[in-house]
Amino acid sequence: MLDRALLADLAELTLTTAKRAGATYADIRLGETRREFSFARDARLENFDERLTEGFGFRVLIDGAWGFYGAQRLDSESLRVGALRALDNARAMRSIQKQPIELEQLPAHEAEWIMPMAKDPFAVDASRKADLLLAICASARDAGADFCTASLSIAREERFFANSFGARIAQTRTRLAPSFTAVAIDRAAGRVATRDSLTPARGAGWEYLENAGLIEEASQAGAQARAKLTAKPVTPGDCDLVIDPSNLWLTIHETVGHSTELDRALGWEANFAGTSFVKPHMLNELRFGSELMTIVADRSQPGGLSTIGYDDDGAPADSAEFPIVENGVFRNFQMALGQAHLIGLPASNGCAYADSPTAFPIQRMPNISLRPNPEECSLDDLFADVENGVYVVGAGSWSIDQQRDNFQFGGQLFYEIKNGKRGELLRDVAYQGRTTQFWSALDGLGDAATYHLDGTFTCGKAEPVQLAPVSHGAPPARFRNIRVLNTSNDG
Ligand SMILES: [Zn+2]
């Protein structure tokens, strides 16, 4: 753990330097990120890697131009030099800045936020982690897999944030991503089938893994990988889909999460993974989907990978829940500090994140989730109204165009739905669509009991690339007349 008093002193040093130099705004993030990664293949632990990075990132605004400097150091001389370089960078930026950056005033919070958890995963012996991964591999192979790989990623971010508005915020959060892949091979037929784990990454302590049922899931996965080898090939064409939250989270992420980032909509975020078909003039006008589609952004959901007390601009999370789509209508972009006034709004809605203390904070997703049906509706109820369809489980391959419009998603498990009931296992399924057409075809939602929170550690954005953790919750959902492809060569 870092010495909080030292961090506070270092922060004051840089903010005072900025003030003396005539900066209109300055902020600093100091802290460390601890990461651990373990990996097993079949009966062998192949990798156990632990790293600790510490540092600071100092951002300053002079005459409407940003300057930034970050370094993996936490001593007063490095911060003094860093502050001067950030100031030089801001002065240099002034000459090429077309439009001055304007910032809104944010409330100056003084706070400490620590993610609640029962057992610190970094305090758990490496041997227990290895035992868990080896048990997962053994369980999958006993049940029918020829091979299995398993991994565990753990991260803890500890940050101290201070800005010239007066905010002083200390935060700590921890997250875990268990993952495995069971592989089955039919040598005679020349066919390989894989089944990736469905247990999601979460903002949580070790207790999450103790109760996640990973070894049982690995056993199912081993049997399912084998069954996929002889599953019936899907017949391509238009049909109804019931999409499990373990698959739908990624579709929400790519089609709604990324398309409603204001920096993409404004064309700033264009080089890496595109802009957006959603434009500022569409706010409160665009019909994004059917009446059933309400998608909410938050940073407060327990277990959420984006869950935190304050974003990296110091905006509080507890008042930052907002709808992105409400009953099918587009309601809000995601925004960071200095973006809202560009579309005539008063303030950021708390969507800033820097993936390390040394990175410039940019607009990133909070947890973005599809609201469940307020009326009772089970998974079987969703099947009951389908004559001919496919039930899609687990995230697989994906692709989406630069405007976040045309897409194609695979999955892990696919089942035929025939005459209102789940039927046989299918293989080689992918579904295709255009974002608003797809969401307009939504006509059934599971209730709160079917809601499931999934997500990823590694949403990539910006150059140089930053990786953000983010969760997406959803119930299972039914979509009518969606194009289904057979992805095999023989299909
Ligand atoms: Zn992403």
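Using a basic spin-label model with each label point 7 Å from the Cα along Cα→Cβ, how many nm lie between ASN388 and ARG91?
Label-label distance for ASN388 and ARG91, simple model: 7.3 nm.
How fast does the chain diffuse by Stokes-Einstein, in µm²/s, taking the Kirkwood radius from C-alpha pairs at 37 °C and 0.692 mPa s?
For these conditions, the coefficient is 137 µm²/s.
Between LEU13 and GLU104, what is the FRET efficiency for a Förster distance of 35 Å, r being their Cβ-Cβ separation, to the nearest 0.05?
The calculated FRET efficiency here is 0.85.
Please arrange ARG20, ARG364 by accessible surface area, largest first, computed with a 1.4 Å probe and ligands excluded.
The ordering from most to least exposed comes out as ARG20, ARG364.
Got a sec? What order do HIS341, HIS258 fall in by accessible area at 1.4 Å, biggest, i.e. largest, first?
Values: HIS341 65, HIS258 5 Å².
Output order, biggest surface exposure first: HIS341, HIS258.
How many lysine pairs are close in the chain, with Cα atoms under 29 Å apart and the two 8 or more places apart or on different chains?
So the count of such lysine pairs works out to 9.
R0 = 51 Å: FRET efficiency of LEU6 with GLN437, Cβ-based, nearest 0.05?
Plugging the Cβ-Cβ distance into 1/(1 + (r/R0)^6) gives 0.40.
Please work out how much length the chain gains when fully extended from ARG35 to ILE114, using 0.36 nm per residue of separation minus the C-alpha to C-alpha distance, in nm with one decimal.
Full extension of this stretch gives 26.7 nm more.
Distances longer than 18 Å among the Cα atoms of the range 47-101: what percent of all pairs is that?
Across the range 47-101, Cα pairs with separations above 18 Å total 43 percent.
Dividing the Cα convex hull volume of the range 192-294 by residue count, how many Å³ per residue is that?
204 Å³
Treating the angle as unsigned and between 0 and 90°, give the value, to the nearest 10°, between the Cα long axis of helix 126-142 and the longest Cα principal axis of the chain.
Taking Cα atoms only, the helix is inclined about 20 degrees.
Could you please put GLU261, GLU12 in sequence from largest to smallest accessible area, using a 1.4 Å probe?
Largest to smallest exposure gives the sequence GLU12, GLU261.
To the nearest 20 debye, what is the magnitude of the charge dipole of the range 4-156 about its Cα centre, counting +1 on the Cβ of each Lys and Arg and -1 on the Cβ of each Asp and Glu?
420 debye
To the nearest 10 degrees, how steeply does helix 76-94 sit against the main Cα axis of the chain, on a 0 to 90 scale?
The helix 76-94 is inclined about 90 degrees to the chain.
Work out how far the C-alpha atoms of the range 233-486 reach from end to end along every principal axis, then list the three figures in whole Å, largest first.
Sorted from largest, the Cα extents of the range 233-486 read 53, 36, 33 Å.
Which distance in Å, rounded to a whole number, links the C-alpha centroids of the range 168-217 and the range 369-443?
The two parts, judged by their Cα centres, are 22 Å apart.
Could you pull the Rg and Dmax for the range 4-230, using just the Cα atoms, both in Å?
24.2, 75
Per-residue accessible area for PHE272 at 1.4 Å probe radius, Å² rounded to 10?
Counting only protein heavy atoms, PHE272 exposes about 80 Å² to solvent.
Work out the charge dipole of the range 4-230 with +1 on the Cβ of Lys and Arg and -1 on the Cβ of Asp and Glu about the Cα centre, then indicate which of LEU176, THR53, ILE154 is farthest towards its positive end.
The residue sitting most towards the positive pole is THR53.
Label points 7 Å out from Cα along the Cβ direction at GLN403 and SER488: separation in nm?
3.5 nm
The values are calculated or read from the model by the stated rules, or taken from the named source; none is laboratory data. Being a predicted model, the structure only gives us computed values, none of them experimental. Every residue, glycine among them, receives a Cβ derived from its backbone with ideal geometry; neighbour counts consider all protein chains shown. Ligands, DNA and RNA are stripped out before the accessible areas are found, and what is left, the full protein with its side chains, is counted by its heavy atoms. Shrake-Rupley method; radii C 1.70, N 1.55, O 1.52, S 1.80 Å.
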